[in-house]
Amino acid sequence: MWNQDTYLKTLLFAGQAHSKQKVPSSDLSYVVHITNVAMEVTNALVQGDHEDLDGTFAIQCALLHDTIEDTTVTYEDLIVEFGVKVADGVLALTKNEKLPKATQMADSLERIVAQGKEVRMVKMADRINNLQKPPKHWDSAKMKRYQKEAQFILEQLGGVHDYIEARLKQKIETYQQYF
């Protein structure tokens with residue numbers, strides 16, 4: 001299903017990369033976020049018969065999903081440390097900040113779909129984790145946009161894993177309690 005030694009190597013790398021970063025609007029280490037995303041992916045992997053999924057790859061992408069976007073880690077660093085497949089998965093999960101903000105998510109989702117089921121699951125798991133209580137400075141309109149974007153993610157990436165899709169759908173529905 002997945003390799004524990006590879007998990008540890010990947011977690012240590014990601015933990016070091018995010019060592020000075022906090023979960024936004026909190027005092028929590030960013031490692032809490034990346035391990036929560038990996039937990040969502042891990043839990044999905046044990047739900048049902050999914051022998052076609054590469055669990056080690058999925059969990060690596062979950063742990064590393066924000067390294068290119070939020071740290072000094074580069075795509076090339078990931079190739080050296082984890083290989084092209086993982087680096088490509090993480091790059092797909094990274095918004096292209098050279099594009100206009102309005103098109104970044106659609107571009108990323110298109111690249112995620114091209115990477116396969118595991119990377120699609122990671123993006124859904126990331127949004128599941130992000131659909132917790134929003135930062136205090138977000139107004140109702142921002143929260144509604146975020147919820148709508150989550151629905152767009154589900155529509156674009158769905159069709160690969162019933163359990164994780166149901167989790168995301170449930171989180172989207174309950175997110176309304178915040179606005």
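The values are calculated or read from the model by the stated rules, or taken from the named source; none is laboratory data. What you are looking at is a predicted structure, and each value in this text was computed from that prediction instead of being measured. Cβ coordinates were reconstructed from backbone atoms using ideal geometry, including for glycine residues, and neighbour counts include every protein chain displayed. Heads up: the accessible areas ignore ligands, DNA and RNA and are worked out on the full protein's heavy atoms, side chains in. Shrake-Rupley method; radii C 1.70, N 1.55, O 1.52, S 1.80 Å.
Observations, loosely collected:
- Carbon and sulfur %, accessible surface of the range 37-135 computed with the full protein complex present, 1.4 Å: 50
- One chain, two ends: K98 and D27. Fully extended at 0.36 nm per residue, the span grows by 22.5 nm beyond their Cα-Cα distance.
- Leading residue at positive end of dipole, the chain (Cβ point charges), from A44, G159, Y175: Y175
- Rolling a 1.4 Å probe across the protein heavy atoms gives the chain an accessible surface of 53 Å² per residue.
- With a simple spin-label model that places each label point 7 Å from the Cα along the Cα-to-Cβ direction, the separation between Q177 and E76 comes to 4.7 nm.
- Given in Å, the Rg to one decimal and the Dmax to the nearest whole number for the Cα atoms of the chain are 15.5, 44.
- With 28 Å as the limit on Cα-Cα distance, the pairs of K9/K136; K22/K95; K85/K133; K9/K123 that go past it are K9/K136; K85/K133.
- For the range 34-82, the square roots a ≥ b ≥ c of the C-alpha gyration tensor eigenvalues yield an a/c of 1.5 or more together with a/b not exceeding b/c, which makes the shape oblate.
- Considering only GluC sites (Glu not before Pro) in DSSP loops that have at most 14 other Cβ atoms within 10 Å, the longest stretch of the chain without any of them is 98-179.
- Of every Cα-Cα pair in the range 1-49, the percent that sits beyond 15 Å: 52
- Within the chain: Cβ-based charge dipole about Cα centre, in debye rounded to nearest 20 (Lys, Arg +1; Asp, Glu -1): 840
- Dividing the radius of gyration of the alpha carbons in the range 116-179 by their Kirkwood radius gives 0.98 for Rg/Rh.
- Excluding the site residues themselves, the longest part of the chain lacking any trypsin sites (Lys or Arg not before Pro) in a DSSP loop with at most 11 other Cβ atoms within 10 Å is 21-97.
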